[in-house]
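Novice: Would you mind keeping the following structure in view while I ask a few things?
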Amino acid sequence: MTARHLLPIFAILIFPQLVFSQSANLNKLADTLVINTSEINKRQNQVLNPRWIRSAILPASLIAAGTVTLIADQKTLISKYTIHDKLLELIPGIDTPIDNYLQFAPLAAVFGLKAAGVKSRSDFVNQLVITAKAELLMGVIVRGMKKWVPSERPSGGGMNSMPSGHTAQAFVAATILDMEYRASSPWISFGGYAVATTTAIGRMVNNKHWISDVLVGAGIGIFSAKAVYFTHHYHWGKMNDMVILPAIYPKGGGVSFAMLL
């Protein structure tokens, strides 16, 4: 056996405390990593995650308030009939189709700001997927309720008043706008919710919906967007590598689109 082979043995004999101390530290570090990873996974998989509970407060409150005005006695102050009459007294004689367009304004802002290069939470591909899922969830809930919860419109124009689809659309879009650009500017979020609220008021002023319809619709819209954001997995990462450039060909021209996938 050569001196080179004896060196590790001498090291252990001379510095046993150092060797075993380092080994114990490594084992302790490994155990800590395992425990921390387990705790993180446990928290992420919690059904009653605190973040989800906090985010559910607003939509649940809106839906609950709308339900109260729906079932309240017609002669009480909190009845949808009483509130509707008071609103029309305050804002009489207005008939405008602007709410048909305002409902999509926050959604247009989402992709308009992205195209302008404003910093957002998601890349273009994930944004499309998130928006599609949120719109689908909102649409399924709204259509299902219109079918199973018949309610006559204030104008008498049908039994599909509950909930307000325009309001749900406006608030699902406003919530997406908020989730994407809140970190860039809170004014963007404020503007989105202001437009959504204006849409809801417009539906009542135009005699298309009751207060109960727009409150429940707003809750559905917010819930749909939040639920999708909290369950979405960013399969494509958070990419912003998208390029749109003019292209010239031998027999014409066009536009070239490139994205790093």
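The values are calculated or read from the model by the stated rules, or taken from the named source; none is laboratory data. Model, not experiment: these values are computed from the prediction. Note: ideal-geometry Cβ built from the backbone for every residue, glycine included; neighbour counts use all protein chains shown.
Novice: Looking only at residues that are more than 18 Å from residue 138 (Cβ to Cβ) and small (Gly, Ala, Ser) in the range 77-111, which one is nearest to the chain's Cα centre (by Cα)?
Specialist: So, considering only residues that are more than 18 Å from residue 138 (Cβ to Cβ) and small (Gly, Ala, Ser), the one nearest to the chain's Cα centre (by Cα) is 79.
Novice: Being within 30 Å of residue 155 (Cα to Cα) and modelled with pLDDT of 95 or more is the requirement here; does residue 93 meet it? Spell out how you get there, then give the answer.
Specialist: Working: within 30 Å of residue 155 (Cα to Cα): yes; modelled with pLDDT of 95 or more: no.
It is false that residue 93 is within 30 Å of residue 155 (Cα to Cα) and modelled with pLDDT of 95 or more.
Novice: For residue 149, work out the one condition from (1) of a type in the set (A, V, I, L, M); (2) at pLDDT 95 or above; (3) in contact with a Pro (Cβ under 9 Å, 6 or more places away or on another chain); (4) surrounded by fewer than 20 Cβ atoms within 10 Å (Cβ to Cβ) it doesn't fulfil.
Specialist: (2)
Novice: OK, next. Which one of these does residue 211 not meet: (1) free of Cβ contacts under 8 Å to residues at least 60 places away in the same chain; (2) in contact with a His (Cβ under 8 Å, 6 or more places away or on another chain)?
Specialist: (1)
Novice: Scan 114, 119, 133 and give me the residue that is basic (Lys, Arg), at pLDDT 95 or above and within 19 Å of the chain's Cα centre (by Cα). Step through it out loud before you land on a result.
Specialist: Values: 114 fails: at pLDDT 95 or above; 119 fails: at pLDDT 95 or above.
Only one candidate passes the filter, namely 133.
Novice: Tell me, yes or no, whether the range 131-147 has at least one residue that is closer than 20 Å to residue 170 by Cβ, touching a residue at least 60 places away in the same chain (Cβ under 8 Å) and among the polar types (S, T, N, Q).
Specialist: No, the range 131-147 has no match at all.
Novice: Are any of the residues in the range 88-105 under 15 Å from residue 221 (Cβ atoms), among the aromatic types (Phe, Trp, Tyr), touching a residue at least 40 places away in the same chain (Cβ under 8 Å) and surrounded by fewer than 18 Cβ atoms within 10 Å (Cβ to Cβ)?
Specialist: At the first step, the residues of the range 88-105 found to be under 15 Å from residue 221 (Cβ atoms) are 99, 102-105.
Cutting the leftovers down to among the aromatic types (Phe, Trp, Tyr) gives us 104.
From what is left, the residues that are touching a residue at least 40 places away in the same chain (Cβ under 8 Å) are 104.
Next cut, surrounded by fewer than 18 Cβ atoms within 10 Å (Cβ to Cβ) only: 104.
Scanning the range 88-105 turns up at least one residue that is under 15 Å from residue 221 (Cβ atoms), among the aromatic types (Phe, Trp, Tyr), touching a residue at least 40 places away in the same chain (Cβ under 8 Å) and surrounded by fewer than 18 Cβ atoms within 10 Å (Cβ to Cβ).
Novice: Considering the range 59-84 alone, what residues qualify as being of a type outside the set (Gly, Ala, Ser) and over 11 Å from residue 210 (Cβ atoms)? Talk me through it step by step, then tell me what you get.
Specialist: If we filter the range 59-84 for residues that are of a type outside the set (Gly, Ala, Ser), which is where we start, we get 59, 62-63, 67-71, 73-78, 80-84.
Selection gives 59, 62, 63, 67, 68, 71, 73, 74, 75, 76, 77, 78.
Novice: Residues 191, 221: which one is surrounded by fewer than 24 Cβ atoms within 10 Å (Cβ to Cβ) and at pLDDT 95 or above? Can you show your working first?
Specialist: On the way: 221 fails: surrounded by fewer than 24 Cβ atoms within 10 Å (Cβ to Cβ).
When all the criteria are applied, what remains is 191.
Novice: Let me ask another. I need the full set of residues from the range 78-104 which are among the charged types (D, E, K, R), part of a helix (DSSP H, G or I) and within 11 Å of residue 205 (Cα to Cα), in order please.
Specialist: 85, 86, 89, 99
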